[in-house]
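Step one of this worksheet: look at the structure below.
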């Protein structure tokens, strides 16, 4: 991975300074305690979910297979961004070497792309379970589930290699201050002193394809689910079917609304404070 982490152009920036969430010492202390507790809770609950799915044979079904993948993804996801957030709150401002910044960017892009694809796969699974229950065992057989999961993971890695290579090849002449709590696309493009039109185009197109493509799959699945629910004969049947996908629907809504607002637009944006909150 080192080949694409090395910038192709000459750059005078050897490290970046992450401003983090807040510059007030009293606020930083409170936020550090809150986010440390949330981080540990997230690690605990997702580890517990994976353990329960692996240790209980009755949970070895497609829905729980994808849920286990999502929990594993969340363990990685928060571990990529949360440590620098905590370090920034503890020792703000936080200095991160150029290569470490690009490495964090690579894993962050990989994981966000994987999550998009995985959420779409989970929506498709719920569509098949509710709308085509008689064909569920055939359409969601283990080989299909494994293929969907592997496609999510490998697809995220491929997209991340391309996007990270483009960003790492830019020149950074200074300043080196990132108004964020981790190395993200927009803050890095804002600091580049070379022409970034091609990099912005690659980033924008990939965001449109990945975010909107997976969102279309999820929305289409839930529209079909909605039509099926309306034609079910009893309220109890509708409630039982909806309960199997309600939590996933909430996650999809929260994740995509924030992610599309931040990433599915030209990347050289200045509203970093709003992006950090989201």
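From the list 101, 116, 76, the lone residue that is touching a strand residue (DSSP E or B) at 6+ places or on another chain (Cβ under 7 Å) and either surrounded by fewer than 18 Cβ atoms within 10 Å (Cβ to Cβ) or in a helix (DSSP H, G or I) (or both) is 101. Taking first residues from the range 52-72 that are without any contact (Cβ under 8 Å) to a residue 60 or more places away in the chain and on the phi > 0 side of the Ramachandran plot and partners that are surrounded by 21 or more Cβ atoms within 10 Å (Cβ to Cβ) and in a helix (DSSP H, G or I), no Cβ contact under 7 Å between residues at least 6 apart in sequence or on separate chains turns up.
For the range 29-40, the criterion of being in a helix (DSSP H, G or I) and closer than 27 Å to residue 150 by Cα is met by at least one residue.
Only the coordinates and a few stated rules stand behind these numbers; no lab work does. A quick note: this is a predicted structure, and the numbers were derived from the prediction, not measured. So basically every Cβ, Gly included, is an ideal-geometry build from the backbone, and we count neighbours across all protein chains shown.
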